[in-house]
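Okay, so here's the structure we're looking at.
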Amino acid sequence: MTAAVLGSLLLGGGAIVQLRAQAQAHAVDVVHATAIENIHERLLAPSGLLVGVLANDTPRMDTLEVLEVTPDGVTAYALITGDDVLVIGLLSPADAVAMSSSPGIQREGVSATLDTGDGRHTYDLDVWREGTGFGHELIVQ
């Protein structure tokens, strides 16, 4: 009987851990979905994120990837354009920066101090093409 009680406690504990993991994964999905929506809105605005970054080129929105969302609300993202240009950027609620490579280049980096609404922090973003997606490193100072 003791084994049955311990077994049911272990199974119950496993279910709680699984539910917690599912809730955390859902929260990350919601954060990324919100970030993608914000990037879309800012890209499509008349004075969009990529004004002055791209000349006569169009972002391929199917390649847009949210790389990371920091605790202070800064979104790191990357995408490819129709001319095979790697575009990377950082977007905060109050500020934004973007950088583009030459066509075909596999790696790009940007460093910027952004206003997050609660202060200013410096972000160093390094992005590289990795298969059909991107690898990245983001350092917050």
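The values are calculated or read from the model by the stated rules, or taken from the named source; none is laboratory data. As the structure is a prediction and not an experimental result, all values here were calculated from the model. Neighbour counts run over all protein chains shown; Cβ positions are idealised from the backbone, glycine included. Surface areas here come from the heavy atoms of the whole protein model, side chains and all, with no ligands, DNA or RNA. Shrake-Rupley method; radii C 1.70, N 1.55, O 1.52, S 1.80 Å.
At-a-glance table
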{"quantity": "Within segment 83-106, considering residues that are over 17 Å from VAL66 (Cβ atoms) and touching a Pro at 6+ places or on another chain (Cβ under 7 Å), the one least open to solvent (accessible area, probe 1.4 Å)", "calculated": "VAL85"}
{"quantity": "Of the criteria (1) touching a Ser or Thr at 6+ places or on another chain (Cβ under 9 Å); (2) free of Cβ contacts under 8 Å to residues at least 24 places away in the same chain, which one GLY131 fails", "calculated": "(1)"}
{"quantity": "Within segment 107-123, considering residues that are open to solvent by 10 Å² or more (accessible area, probe 1.4 Å) and of a type in the set (Ser, Thr, Tyr), the one nearest to HIS136 (Cα to Cα)", "calculated": "SER111"}
{"quantity": "Search result, residues across segment 86-141 that are modelled with pLDDT under 95, farther than 23 Å from ASP57 by Cβ and of a type in the set (S, T, N, Q)", "calculated": "SER92, THR116, GLN141"}
